[in-house]
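Visitor: Quick one: the structure is below, questions incoming.
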Amino acid sequence: MIHYNELLTGFLILFSLRSGAQIFLNRLNLSHLQKRGGEVPETFRETIDEDKLKKISAYTVDSSRFGMIATLADQILLLIILLSGILPRIQAAADHWELGVVTGGLFFFALLSLPGFILDIPFSLYGNFVIEARHGFNTKTLKVWISDLMKGLLLSALLGAPLLALLLFLVESGGHFWWLWAWGLVGLFELLVLWLYPVLLAPLFNKFEPIANPDLVRKISGLLEKAGLKSKGVFQMDASRRSRHTNAYFTGLGKNKRIVLFDTLLASHSEEEILAVLAHEAGHWKKRHVLKQVLALEALSLLGFFVVAAMLDMPVLYQTFGFSRPVVYAGLFLVTALFSPLLYFAEPLGAAFSRRFEREADDYALFLTRDPGPMVKALKRLAADNLANLTPHPFYAWFYYSHPPLLERVSRLQSRAAKRGLQGEPAAGEP
């Protein structure tokens, strides 16, 4: 039986504040689009016409509203799970079958994952085959969608179950400092996944091949040699098998570091623009942004495990949600659920660091190419190809955006180039 006390009241207040903030920010952004999104910014007029702008607005509205509905559905499901009294029943079933902490925890989390998995299916189908298809992006067949779903489920089981089992074992048998050993375990696991992702996990979903154009390969080698990097880590990905969106990204650690260019980007951009995008990704590589993100996340993770350890010993945590006694695996789930609304309000901090890294990568691209023109053209092309919102509300962008808004990035590149001179040497302190 659920007990309404200060802990539950505080959680419900935070939960409501988060949902309210999400709805407010979503409506604020769409309202801003309606007011300011009817005219193409002067910087983009060579690339985007009025018809394209209408498509951008339509896609932004559709994807934003659909994303908000999906988010609220997930939150409502979590609330039902927490307040329905089903959690103590699952734990009672585990006790009835005399399952231990590890096997009982695996049973507990497996059952709890089912409703979310089932709920995600119609949203994923609608998002891909209605929203994305309506705006000309989806190229994914139902067969590919089902294959991705099954592969994702299998990977979650193969990677998640052993990690959870080891974590539960450490909680039960690791003594007073179990949280320190658990932090080390999870940190090593995350590093292993990050190291293996480019060469083992990502290839399960996409094909990664060396770039086929020999002239472009030669230019890429020259650019990366200038940056002191190896061109062996540059690949093209068959993104067109699933979507017409264009992008590029940097991932991996150690010898498995990779710069990945979508085949859609290679097909729609000039060689100069591709090299500029590559120079930007090389900036992430050169500035060790992945490593810095990992270190920051591990520091926060250590704090998180310390807090979890402290809360697992609180009887009120279990009494509030109908448990007659403390149960390790139930406590892990409850602490995670209770803190999820609070973590939402920390998102702007992570977004700010990410935007800082993107600016550093833009600066490095400018340093390598000595010419903002190709990068500016590439950003404009990316905006047009991906139907990116050119006029997000500043507060919305500050809260959520991992990249600076495109208009800001273009203006910043042009401004910095003007200060230095197009072919000039970098200013003091620059890369």
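Visitor: I'd like to check something: does the range 27-34 contain any residue that is open to solvent by 40 Å² or more (accessible area, probe 1.4 Å), modelled with pLDDT of 95 or more and closer than 30 Å to Tyr4 by Cα? Spell out the reasoning first.
Guide: First, pick out the residues of the range 27-34 that are open to solvent by 40 Å² or more (accessible area, probe 1.4 Å): 27-28, 31, 34.
Retained after the next criterion (residues that are modelled with pLDDT of 95 or more): 27-28, 31.
Next, from what is left, pick out any that are closer than 30 Å to Tyr4 by Cα: none.
The answer is no, given that none of the residues of the range 27-34 is open to solvent by 40 Å² or more (accessible area, probe 1.4 Å), modelled with pLDDT of 95 or more and closer than 30 Å to Tyr4 by Cα.
Okay, residues lined up against (1) loosely packed, with under 13 Cβ neighbours inside 10 Å; (2) modelled with pLDDT under 95:
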{"site": "Pro122", "(1), (2)": "yes, no"}
{"site": "Tyr126", "(1), (2)": "no, no"}
{"site": "Ala133", "(1), (2)": "no, no"}
{"site": "Thr139", "(1), (2)": "no, no"}
{"site": "Ile146", "(1), (2)": "yes, no"}
{"site": "Ala165", "(1), (2)": "no, no"}
{"site": "Phe177", "(1), (2)": "yes, yes"}
{"site": "Leu191", "(1), (2)": "no, yes"}
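Visitor: Could you identify the single residue in Leu33, Leu72 that is assigned to a helix (DSSP H, G or I) and free of Cβ contacts under 8 Å to residues at least 60 places away in the same chain?
Guide: Working: Leu33 fails: free of Cβ contacts under 8 Å to residues at least 60 places away in the same chain.
It is Leu72.
Visitor: Determine whether the range 263-270 contains at least one residue that is modelled with pLDDT of 95 or more and among the hydroxyl-bearing types (Ser, Thr, Tyr).
Guide: The answer is yes, given that some residue of the range 263-270 is modelled with pLDDT of 95 or more and among the hydroxyl-bearing types (Ser, Thr, Tyr).
Visitor: Any idea which residue in the range 231-287 is most open to solvent (accessible area, probe 1.4 Å), counting only those that are outside any helix (DSSP H, G or I) and polar (S, T, N, Q)?
Guide: Restricting attention to the range 231-287, the residues satisfying the condition of being outside any helix (DSSP H, G or I) are 234-238, 242-253, 257-262, 269-270, 287.
Now narrow it down to the ones that are polar (S, T, N, Q): 236, 243, 246-247, 251, 270.
On the way: Gln236: 39, Ser243: 26, Thr246: 9, Asn247: 76, Thr251: 17, Ser270: 53 Å².
Looking at the filtered set, the residue picked out is Asn247.
Visitor: For the range 41-49, state whether one or more residues are open to solvent by less than 20 Å² (accessible area, probe 1.4 Å), at negative phi and modelled with pLDDT of 95 or more.
Guide: No.
Visitor: Six or more apart or on different chains, Cβ under 7 Å: which pairs go from a residue in the range 225-238 that's touching a residue at least 60 places away in the same chain (Cβ under 8 Å) to one that's among the small types (Gly, Ala, Ser) and open to solvent by less than 50 Å² (accessible area, probe 1.4 Å)? Could you list them?
Guide: From residues that are touching a residue at least 60 places away in the same chain (Cβ under 8 Å), the pairs are Ala227/Ala282.
Visitor: What is the one condition in (1) buried (at least 21 other Cβ atoms within 10 Å of the Cβ); (2) farther than 23 Å from Phe15 by Cβ that Arg356 does not satisfy?
Guide: (1)
Visitor: Here's another thing I want to ask about it. Name the residues in the range 91-103 that are more than 21 Å from Met1 (Cα to Cα), open to solvent by less than 60 Å² (accessible area, probe 1.4 Å) and not in a loop (DSSP other than H, G, I, E, B), would you?
Guide: Pass one, the range 91-103, residues more than 21 Å from Met1 (Cα to Cα): 97-103.
Next, from what is left, pick out any that are open to solvent by less than 60 Å² (accessible area, probe 1.4 Å): 99-102.
Val101, Val102 - these are the residues of the range 91-103 that are more than 21 Å from Met1 (Cα to Cα), open to solvent by less than 60 Å² (accessible area, probe 1.4 Å) and not in a loop (DSSP other than H, G, I, E, B).
Visitor: Take Gly85 and tell me if it is out of contact with any helix residue (DSSP H, G or I) (no Cβ under 7 Å at 6 or more places or on another chain), in contact (Cβ under 8 Å) with a residue 40 or more places away in the chain and open to solvent by less than 50 Å² (accessible area, probe 1.4 Å).
Guide: Judged against the criteria, Gly85 is a match.
Visitor: Check every one of the helices (runs of 4 or more DSSP H) wholly within the range 295-373 and list those with 3 or more residues that are of a type in the set (A, V, I, L, M, F, W, C). It would help to see each step written out before you state the result.
Guide: Working: elements: 315-320, 328-344, 347-369.
Hits in the range 295-373: 328-344, 347-369.
The values are calculated or read from the model by the stated rules, or taken from the named source; none is laboratory data. Just so it is clear, the structure is predicted and the values come from calculations on it, not from any experiment. As a convention, Cβ positions derive from the backbone with ideal geometry for all residues, glycine included, and neighbour counts pool all protein chains shown. When the accessible area is computed, the model is the full protein with side chains, heavy atoms only, and any ligands, DNA or RNA have been set aside. Shrake-Rupley method; radii C 1.70, N 1.55, O 1.52, S 1.80 Å.
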